[in-house]
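Where a number appears in this text, it was derived from the coordinates with a stated rule and is not lab data. Model, not experiment: these values are computed from the prediction. For neighbour counting, all protein chains shown are included, and Cβ atoms are generated from backbone atoms with ideal geometry for every residue, glycine included.
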Amino acid sequence: MVIRETNLEGCFIIEPAIFNYGRESFFESFNQKIFEEKTGLKVNFIQDNQSISQRGALQGLHLQKGEFAQAKLVRVIKGRVLDVAVDIRPGSKTYGEHVSIILSEKNKKQLFVPRGFAHGYSVLEDNTVFSYKCDNYYCPNHEGGIVFNDEDLNIDWVLNKEEVLLSLKDNKLMPFKELT
């Protein structure tokens, strides 16, 4: 398993070792001991979530505030997404910067998104199955978000404007400047 830090401190890309045995393949999607050794972080995942989406669906940029902040380990089981994490930690040297990565059933890459980040993804293939572990429970009274097309963040979601499908909640998210 290869774990490497992105340009955002505490945000890691995880690439599992994949073993092909002719008619089947195997990989370890997470190993607590290896994760802690290679990142220096202790994390206790307490909830697993999964969604199935069609091309064009765009989730985020979502966040949980205060004591309900969440770290996430995200991956794609089937299909392909562009996954995005934005550093919203006050005082961070990379505040307002983002990292994006294609996660797919083929590359089996994962992204660890630490607490203090906003997170989102755009679905690039129909019937994509997206899975993520969280280290804290979701609390609707402490959720927030940043509008996906924020001009200051300037994120390329790899979709044409006409393709983007947003939920009612995501249509009402605020600009990055108003996050404080």
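By the gyration tensor of its Cα atoms, with a ≥ b ≥ c the square roots of the eigenvalues, what is the shape of the range 49-115: rounded for a/c under 1.5, prolate for a/b over b/c, or oblate? Show your work: numbers first, answer last.
Details: a/c = 2.08, a/b = 1.76, b/c = 1.18.
Verdict is prolate for the range 49-115.
Sort 75, 4, 23 so the one with the fewest other Cβ atoms within 10 Å of its own Cβ comes first.
Values: 75 23, 4 10, 23 5.
Lowest count first: 23, 4, 75.
Test of understanding: ordering 130, 45 by Cβ neighbours within 10 Å, fewest first, what list do you get? Walk me through the numbers before you get to the answer.
Values: 130 23, 45 16.
Ascending number of Cβ neighbours within 10 Å: 45, 130.
Divide by every residue of the chain the summed helix terms, -39500 (n - 2.57) for each DSSP H run of at least 4, and state the resulting mean residue ellipticity at 222 nm, rounded to the nearest 500 deg cm²/dmol. Spell out each step's value before the answer.
Details: 2 runs with 12 residues, N = 180.
Using -39500 (n - 2.57) per qualifying helix, the result is -1500 deg cm²/dmol.
Which of 52, 8, 154 sits closest to the plus end of the dipole of the chain, meaning its Cα is farthest towards the positive end, when Lys and Arg get +1 and Asp and Glu get -1 on the C-beta?
52
Does the range 1-93 classify as rounded, prolate or oblate by the C-alpha gyration tensor (a ≥ b ≥ c root eigenvalues; a/c under 1.5 gives rounded; else a/b over b/c gives prolate, otherwise oblate)? Working shown, then result.
Details: a/c = 1.92, a/b = 1.26, b/c = 1.52.
Oblate is the answer for the range 1-93, as a/c is 1.5 or above yet b/c matches or exceeds a/b.
Quick check for me: using +1 on Lys/Arg Cβ and -1 on Asp/Glu Cβ, what's the dipole size of the range 46-178 about its Cα centre, in debye to the nearest 20?
Working: 17 positive and 18 negative charges, 87 e Å.
Using only the charged Cβ atoms, the result is roughly 420 debye.
Give me the percent relative contact order of the chain, please, defined on Cα pairs under 8 angstrom at least 6 residues apart. Intermediate values should be presented prior to the final figure.
Values: 396 pairs, mean separation 51.5, N = 180.
The normalised contact order for the chain reaches 29 percent.
Report the gain in length on full extension from residue 33 to residue 156: 0.36 nm times residue separation, minus Cα-Cα distance, nm rounded to one decimal. All intermediate terms of the calculation are to be shown ahead of the outcome.
Values: separation 123, 0.36 × 123 = 44.28 nm, distance 3.45 nm.
Gain on stretching residue 33 to residue 156: 40.8 nm.
I need the shape label for the chain. Rule: rounded when a/c is under 1.5, else prolate if a/b > b/c, else oblate, with a, b, c from the alpha carbon gyration tensor.
Working: a/c = 1.75, a/b = 1.23, b/c = 1.42.
Here the chain falls in the oblate category.
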